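The values are calculated or read from the model by the stated rules, or taken from the named source; none is laboratory data. Quantities reported herein were computed from a predicted structural model and do not represent experimental measurements. When we count neighbours, we look across all protein chains shown, and the Cβ atoms used for this are built from the backbone with ideal geometry, even at glycine. Calculation scope for accessible area: heavy atoms of the full protein, side chains included, ligands and nucleic acids excluded. Shrake-Rupley method; radii C 1.70, N 1.55, O 1.52, S 1.80 Å.
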Amino acid sequence: MDKLKLGIIGLGNMGTGHAGNITTGMCPDIELAAVAEINHERIEWGKANLPGDAVYFDDTIKMLDSGLINACIISVPHYDHPKYAIECMKRGIHVMVEKPAGVYTKQVREMNKEADRHPEVVFGMMFNQRTNCLYRKVRELVQSGEYGRIRRINWIITDWYRSQAYYDSGNWRATWAGEGGGVLLNQCPHQLDMWQWICGMPKTVEAHLHYGQWHNIEVEDDVTAYMEYENGATGVFVTSTGDAHGTNRLELQLDRAKIVVENEKIIMEEYEMTEQEFSETNLKGFATVNSKVYEVETDGKNPQHTGVLNAWANAILRGGKLVADGREGINGLMLSNAMHLSAFLGKAIEIPFDEDLYYYELMKRVKNSKEKKNVKQIYTDTRGTYGGNK
């Protein structure tokens, strides 16, 4: 096999972005062979605007059974991610799933089980922020062990601003029935994946979610969550789509360093000794450990979506390494599910939690979800947005 024969399920914002990257040569190992899309207008748009000879289908299963593709990107609303991934796997089609892995962990476990039944299928997750040199370097620093254990994590990620027009652009957006959640399911799977990828999974989560705080929507657009770890470390995660000019600041306090990621830089404050050593030996009441502050160098690389797709293609064609194995998608989703369940029940949630209870609580909200009326579907070019978002 010289190139992947790719199918894309869904020609919305992200599917269109992937198609554009591939047809303009940014993924040289991949050829766009087919597209499945239920919206006839989008099919006609694709035929008129995307170069190449891709075949268009208005039925996903027909595309999967066509024999035209051996790899597939799933870029549809969240509930359908596991369903179509499983259909691909059963046919031996390599699959890349857009974030999030799904809406609730029970369905993602089924997807992961199916993946285990098909070791010949290369299963990837579109965690494009893992290609960002800043977060790759921070993970390397934390996991090296050189700076001791994590003591505290704070991430304020409020530069996900969305106006009402964004939420009104699709009938599935920001509804329990169509999307399964708000900022935690749409924008923040990136940061929740980064959180667990860098710091590991906490043991408890307590969250306060505000539903429709800043927009006319039924799901969360403002979140504050508190987490605790087995080793005593704590974390606070704050996100919103309502801050017109928000902040993106990740701060990690370790035994022998403070690391801050903000404004496209990593600033390290490295301590002369661990805080514990200083506290035990210092004799001055108001002293603190000596430190040096410097900007951490990175390799400067941040290929984002094309980086994920090119690594996936290399894994299929040459046995290379994925940016993110698809099975890892359950971890960040577990964090968002725990945050939702904490808010649903008004109490702290231990991880692992009762996944049947989460599903029950979610379905209560789905049952009362209101169908949007007279929505005109609008498609937006995601290039230049933070990571390229839905």
Response to the item:
A correct Stokes-Einstein calculation for the stretch 154-220, using the alpha-carbon Kirkwood radius, 4 °C and 1.567 mPa s, returns a whole-number D in µm² s⁻¹ of 98 µm²/s
Worksheet item: What residues qualify as long-range amide H neighbours of GLY246, i.e. H under 5 Å apart, gap of 5 or more or another chain, H built at 1.01 Å from N?
Response: TYR161
Practice prompt. Using DSSP, restrict attention to beta bridges with both residues in the stretch 147-247 and report what percent are antiparallel, rounded to the nearest 5.
Written response: 70 percent
Fill in: the chain - percent of accessible surface contributed by carbon and sulfur, probe 1.4 Å
47 percent
Worksheet, complete the sentence: Any aspartates and glutamates whose Cα falls less than 19 Å from that of LYS347, other than same-chain ones fewer than 8 residues away, would be GLU206, GLU220, ASP222, GLU228, GLU230, GLU355, ASP356, GLU361
Worksheet item: Helix 304-318 sits at what angle to the longest principal axis of the chain, using alpha carbons and giving 0 to 90 degrees rounded to 10?
Response: 70 degrees
Discussion item. Test of understanding: what is the full-extension gain from MET273 to SER163, defined as 0.36 nm times their sequence separation minus their Cα-Cα distance?
Written reply: 34.9 nm
Worksheet entry | Using θ = phi - 60° and Karplus 6.51 cos²θ - 1.76 cosθ + 1.60, couplings along the stretch 335-342 (whole Hz; Gly, Pro as x) | 5, 5, 4, 5, 5, 4, 5, 4
Worksheet item: Relative contact order (percent) for the chain, with alpha-carbon contacts under 8 angstrom and 6 or more residues of separation?
Response: 21 percent
Worksheet item: How many angstrom separate the Cα center of the stretch 63-134 from the Cα center of the stretch 155-198?
Response: 20 Å
Fill in: Cα-based equivalent ellipsoid, the stretch 219-281: semi-axes from gyration tensor eigenvalues, Å
30, 17, 7
Worksheet item: In the chain, what is the volume of the convex hull around the alpha carbon atoms, normalised per residue and reported in Å³?
Response: 148 Å³
Item to complete: With a 1.4 Å probe and all protein chains in place, put ILE217, ILE267 in order of accessible area, largest first.
Response: ILE267, ILE217
Worksheet item: What residues qualify as long-range amide H neighbours of ILE30, i.e. H under 5 Å apart, gap of 5 or more or another chain, H built at 1.01 Å from N?
Response: LEU4
Item to complete: Take the chain, connect every pair of alpha-carbon atoms lying under 10 Å apart with a spring to form a Gaussian network, then pick out the residue of LEU335, LEU184, LEU50 with the largest mean-square fluctuation.
Response: LEU50
Worksheet entry | Vicinal HN-Hα couplings computed from phi for the stretch 222-238 (Karplus, 6.51 cos²θ - 1.76 cosθ + 1.60; Hz; Gly/Pro x) | 7, 9, 10, 10, 10, 10, 10, 10, 4, 7, x, 5, 10, x, 10, 10, 10
Worksheet item: Can you give the relative contact order of the stretch 187-311 as a percent, counting alpha carbon pairs under 8 Å and 6+ residues apart?
Response: 13 percent
Fill in: For the stretch 199-260: relative contact order, % (alpha-carbon pairs under 8 angstrom, 6 or more apart)
24 percent
Worksheet item: Rounded to the nearest 500, what is the chain's calculated 222 nm mean residue ellipticity when only DSSP H runs of at least 4 contribute -39500 (n - 2.57) each, over all residues?
Response: -10000 deg cm²/dmol
Worksheet item: When the gyration tensor of the stretch 306-362 is built from Cα positions, what are the square roots of 5 times its three eigenvalues, in whole Å, from largest to smallest?
Response: 35, 10, 9
Worksheet item: Per residue, how much accessible area does the chain have with a 1.4 Å probe, in Å²?
Response: 45 Å²
Practice prompt. With a Förster radius of 41 Å, plug the Cβ-Cβ distance of HIS210 and GLU146 into 1/(1 + (r/R0)^6) and report the FRET value to the nearest 0.05.
Written response: 0.55
Worksheet item: Does anything in the stretch 229-255 have its amide N under 19 Å from the 7 Å Cα→Cβ label point of ASN282, and if so which residues?
Response: 252-255
Discussion item. What are the ³J(HN,Hα) couplings of the stretch 355-363, residue after residue, when phi is run through the Karplus curve with 6.51, -1.76, 1.60 and θ = phi - 60°? Round to Hz, x for glycine and proline.
Written reply: 6, 5, 5, 4, 4, 4, 5, 5, 5
Fill in: Peptides 14-21, 27-34 ordered by average Cβ neighbours within 10 Å, highest first
14-21, 27-34
Practice prompt. Taking only Cα atoms and a 10 Å spring cutoff, compute GNM fluctuations for the chain and point out the largest among ALA71, ALA85, ALA315.
Written response: ALA315
Worksheet entry | Cα-based shape type of the stretch 88-211, given that a ≥ b ≥ c are square roots of the gyration tensor eigenvalues and the cut on a/c is 1.5 | oblate
Worksheet, complete the sentence: The set of residues whose placed amide H lies less than 5 Å from the amide H of GLY124, leaving out same-chain residues fewer than 5 positions away, is VAL95, MET96, VAL97, GLY326
Fill in: Nearest-0.05 FRET efficiency for ASP116 and GLU350, computed from C-beta distance (R0 22 Å)
0.25
